[in-house]
1. Report the charge-dipole magnitude of segment 2-78 in Debye, nearest 20, computed about the Cα centre from +1 at each Lys and Arg Cβ and -1 at each Asp and Glu Cβ.
2. Go through Thr4, Asn43, Ala53 and say which Cα lies farthest out towards the positive end of the charge dipole of the chain; charges sit on Cβ, +1 for Lys and Arg, -1 for Asp and Glu.
3. To the nearest 500 deg cm²/dmol, what mean residue ellipticity at 222 nm is calculated for the chain from DSSP H runs of n ≥ 4 alone, each contributing -39,500 (n - 2.57), summed and divided by the residues?
4. Please work out which option in (1) 14.2; (2) 15.4; (3) 13.2 gives Kirkwood radius over Cα pairs in Å calculated from these coordinates, and answer with its label.
5. Cα axis of helix 53-78 to longest principal axis of the chain: angle in degrees, 0 to 90, nearest 10?
6. At 0.36 nm per residue, and after removing the present C-alpha to C-alpha distance, how many nm does the segment from Glu71 to Ser3 gain when stretched out fully?
7. Against the longest principal axis of the chain, how steep is helix 2-33, in degrees 0 to 90 to the nearest 10, with axes from Cα atoms?
Amino acid sequence: MDSTKAKWAAAEKAKRAKFAEEKYVTLESIALAHRLGTTETQNSGADFRECAAWNIKEALEAAYAAGVKAERAGRASSKGGK
């Protein structure tokens, strides 16, 4: 029984790590595509930059669309790919 719990916990940990990596890559690519710069902390004045309102709006719309796409993909995979 403990072996089953350990396997389940390891699988959940791997799933969370994969999700975190996919989320990071998606957000970073959106930020760069919309001229917002990197999402990495620079620990300097480079962390604070001016961005055009329309670039921020487009980036937010892209992030929303990515979330909708991910949710739909999650639902499809949980229904056996239907």
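A short reminder: the numbers here are calculations on the coordinates, not readings from a lab. These numbers were taken from a predicted model, which means no experiment stands behind them. Note that we place each Cβ from the backbone using ideal geometry, even for glycine, and neighbour counts take in every protein chain shown.
1. It works out to roughly 440 debye.
2. Result: Thr4, furthest along the dipole toward the positive end.
3. -25500 deg cm²/dmol
4. So the calculated entry is the one marked (2).
5. It is inclined by approximately 10 degrees.
6. Between Glu71 and Ser3, full extension yields 21.4 nm more.
7. Approximately 20 degrees, to the nearest ten.
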